[in-house]
Amino acid sequence: MRSEIKFGLVLATTALATTAALPVVNANADTKKTVTVGVVGDTSRELWEDIGQRAQKKYGIKIKLKEFNDYVKPNQALADGSLDLNAFQTKIFFDDQNKKLGNKLKSIGKTVIVPMRLYSLKADKISDIKKGATIVVPNDATNEERALNVMVQAKLIKYNKHVTDPTAKNITSNPKNLKIKEVDAGQAVSALQTADAGVINGNFAHDANLKDKDILLTQNLKKGVDPYVNLIAARKDEANKKVYKQIVKLYQTKETKNDIKKLFGNSQYAAWNLK
């Protein structure tokens, strides 16, 4: 009986030793293979669907897409963990929103550059815009500043460039007494139907099938383009995950560049190699 008890103790001790030797599994280990990406606009979804097919084939990564129709919610969703990544915004917009969200996010790769354009369904050229005309602009801080710059480029207005996050209230010269209508960026296309002209973000203009013949002016992006380059964002504490780096690497390929040209034409361009 005593030998049986001794043998039992040996087994128990061995079992404990074996258990102690097992590796500890880190709940935060970089083993995630399903990645939820937030995008804005239907055509962006098409691009990411193709990237998702290639990610599944090459890395075994499943990309789930969540589509938004505004520019604020995708960053909120990323910060609160509803998304793993998002890809829809310029660096200047990202920096502004990230600050408001407590700097919880981080850019992990460049994607495209999308110029804003001045559109009109009524005027054929800028000089056709009449006194007192209504011009639509997006109402979020960074996009409104871009829109004001497009209107300056069109020689329609001047504004106080010393103001942070300028709005229509900061216009200092408005020779045609234009009425500036500030709307959500996602509503700018529909607002254009009744306005005389509008400065509209490229992805919304493309998804709404606005015609090239309705473009009065394209934003000049020949210099100082970095603030307007779009990016992929992640939460700061997860920015170095291998799976995210693989997705960025897959995005920044010649195949993606060809897809961008096929889907977007001249409304946006691959920008990861821009200096």
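Data table
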| quantity | calculated |
| --- | --- |
| Count of the stretch 47-93 residues which are among the β-branched types (Val, Ile, Thr) and in a strand (DSSP E or B) | 2 |
| Members of the stretch 49-83 that are of a type in the set (Val, Ile, Thr), open to solvent by less than 20 Å² (accessible area, probe 1.4 Å) and within 17 Å of the chain's Cα centre (by Cα) | 51 |
| Hey, residue 185 modelled with pLDDT under 95, open to solvent by less than 40 Å² (accessible area, probe 1.4 Å) and either assigned by the TED database to the domain that holds residue 94 or among the hydrophobic types (A, V, I, L, M, F, W, C) (or both) or not | yes |
| Number of positions in the stretch 115-149 that are in a helix (DSSP H, G or I) and among the basic types (Lys, Arg) | 1 |
| Single unsatisfied condition, residue 205 versus (1) at pLDDT 90 or above; (2) within 21 Å of the chain's Cα centre (by Cα); (3) not in a helix (DSSP H, G or I) | (3) |
| Residue list for the stretch 150-169, filter: open to solvent by less than 40 Å² (accessible area, probe 1.4 Å), within 23 Å of residue 71 (Cα to Cα) and not in a loop (DSSP other than H, G, I, E, B) | 150, 151, 168 |
| Condition broken by residue 127, with the remaining ones in (1) among the hydroxyl-bearing types (Ser, Thr, Tyr); (2) under 17 Å from residue 232 (Cα atoms); (3) free of Cβ contacts under 8 Å to residues at least 24 places away in the same chain satisfied | (2) |
| Residue within the stretch 93-104 that is open to solvent by less than 80 Å² (accessible area, probe 1.4 Å), in contact (Cβ under 8 Å) with a residue 12 or more places away in the chain, within 23 Å of residue 261 (Cα to Cα) and in the same structural domain as residue 246 (by the TED database) present | no |
| Among the residues listed as 231, 210, the single one being more than 21 Å from residue 129 (Cβ to Cβ) and in contact (Cβ under 8 Å) with a residue 12 or more places away in the chain | 231 |
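The values are calculated or read from the model by the stated rules, or taken from the named source; none is laboratory data. Since this is a predicted model, take the numbers as computed values, not measurements. Backbone-built Cβ (ideal geometry, glycine too); neighbour counts: all protein chains shown. Surface accessibility is based on the protein's heavy atoms, side chains included, excluding ligands, DNA and RNA. Shrake-Rupley method; radii C 1.70, N 1.55, O 1.52, S 1.80 Å.
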